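Before any comments, here is the structure.
The values are calculated or read from the model by the stated rules, or taken from the named source; none is laboratory data. Because the structure is a prediction, the values reported are computed rather than measured. Please note: Cβ atoms are built from the backbone with ideal geometry, for glycine as well, and neighbour counts cover all protein chains shown. Ligands, DNA and RNA are excluded from the accessible area calculation, which covers all protein heavy atoms including side chains. Shrake-Rupley method; radii C 1.70, N 1.55, O 1.52, S 1.80 Å.
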Amino acid sequence: MGMLKRGLLVGLQTTWTLGKIIFPITLIVTILGYTPVLEWVARLLAPVMGWIGLPGEAAIPLVLGNVLNLYAAIGAILTLELTVKEVFILAVMLSFSHNLFVESAVATKVGIRMSVVLVVRIGLALFSAFLINLVWSGGQETAQYGFVSSTGQPEVTGWLSIAWQGVTSATIGILQLAMIVIPLMIVVQVMKEKNWLSFVSKAMAPFTKMLGIKENTSTTLASGLLFGLAFGAGVMIQAAKEDGVAKKDLYLVFIFLVACHAVVEDTLIFIPLGIPVWPLLLIRVVTAILLTMAIAYIWNRTEKKQELERKEAAL
């Protein structure tokens, strides 16, 4: 029984830690959604859109996805007439960079610089869009959207009801978080105390080794890949406390997860848009692996060089 209780406590603490960030941000952004601010930002971005093969109005789902979440972005895409290629470019961009405020704030909780997260995510989104636009000449037919209705946000008038809408969105956000984090933490606690985690670590060892990171990051990696950045961060906060994960490994795992997290959910969300989702998943996973390997390689080289210089200086 003690095991479950300990897991529950850790789950509640983590929910509280992350909830303090998620609640105010969701509240502010939901309220902003009812003001002209987001459309104004989208209009500002319209000229840039041409470079990555998108029409000006495609800036709206991009802004919504980055400021709110993927659901908001998909809601906006469903109101636009776009080609399969344009929808695919948007989907790839959004799978790299979405929900920026919440997810970047969560990363800082783990001790990762916000600028690193933003540069990696926005950089990957722009670079991948530019490449796809350059390489792929097909997908010119109009996208046929699946089974999702194209209704936008519910009609809400008056400041009080808008604020209330914000509070309810934020509360639902926290509840969803708690519903995943608490059971997840209980499972992790049980696995820890039964020593099953070492099996997970060993099973993932070839993968973590390939990425250039230590085995003790594997739980974080697995939970982030499956459940998402906020949940990965929850496990990560615990791991940094208990498993003594080094700062460098924290950064590398997070760079991987920033590019590629919640792979099942984030990929399934795009199915109604009528685009091929397998390539979407592959692009994310491969990019995350290559990026992490490259950064680990450079980092190790730099460390070795500094080590050598230190030794030479000592002689």
Output the qualifying pairs, or none if there are none: Cβ atoms under 6 angstrom, residues six or more apart or on different chains, first residue in region 16-41 and in contact (Cβ under 8 Å) with a residue 60 or more places away in the chain and under 17 Å from Ala178 (Cβ atoms), second residue open to solvent by 50 Å² or more (accessible area, probe 1.4 Å) and of a type outside the set (Gly, Ala, Ser).
Ile25/Phe101
Selection over region 43-71 where residues are free of Cβ contacts under 8 Å to residues at least 60 places away in the same chain, touching a helix residue (DSSP H, G or I) at 6+ places or on another chain (Cβ under 7 Å) and part of a helix (DSSP H, G or I) yields a count of 14
Quick one: how many residues across region 191-227 are within 16 Å of Ala239 (Cα to Cα), assigned to a loop (DSSP other than H, G, I, E, B) and either touching a helix residue (DSSP H, G or I) at 6+ places or on another chain (Cβ under 9 Å) or of a type in the set (A, V, I, L, M, F, W, C) (or both)?
3
Among the listed residues Phe227, Phe231, identify the single one that is open to solvent by less than 50 Å² (accessible area, probe 1.4 Å) and aromatic (Phe, Trp, Tyr).
Phe231
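Would you call Thr108 open to solvent by 30 Å² or more (accessible area, probe 1.4 Å), under 30 Å from Trp164 (Cβ atoms) and either of a type in the set (S, T, N, Q) or part of a helix (DSSP H, G or I) (or both)? Give the derivation first.
Details: open to solvent by 30 Å² or more (accessible area, probe 1.4 Å): yes; under 30 Å from Trp164 (Cβ atoms): yes; either of a type in the set (S, T, N, Q) or part of a helix (DSSP H, G or I) (or both): yes.
Spelling it out, Thr108 is indeed open to solvent by 30 Å² or more (accessible area, probe 1.4 Å), under 30 Å from Trp164 (Cβ atoms) and either of a type in the set (S, T, N, Q) or part of a helix (DSSP H, G or I) (or both).
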Verdict on Ile89 being open to solvent by less than 10 Å² (accessible area, probe 1.4 Å), modelled with pLDDT of 90 or more, among the hydrophobic types (A, V, I, L, M, F, W, C) and part of a helix (DSSP H, G or I):
yes
Starting from residues that are without any contact (Cβ under 8 Å) to a residue 40 or more places away in the chain and of a type outside the set (A, V, I, L, M, F, W, C), keep the ones in region 254-278 and report whichever is surrounded by the most Cβ atoms within 10 Å (Cβ to Cβ).
His261
Checking Met293 against (1) touching a Leu at 6+ places or on another chain (Cβ under 7 Å); (2) open to solvent by less than 50 Å² (accessible area, probe 1.4 Å); (3) at pLDDT 85 or above, which test does it fail?
(2)
It is to be established whether one or more residues within region 236-249 are buried (at least 18 other Cβ atoms within 10 Å of the Cβ), at pLDDT 90 or above and among the polar types (S, T, N, Q).
no
Please work out which residue is modelled with the lowest pLDDT, limiting yourself to region 77-86 and to residues that are part of a loop (DSSP other than H, G, I, E, B) and open to solvent by 10 Å² or more (accessible area, probe 1.4 Å).
Thr79
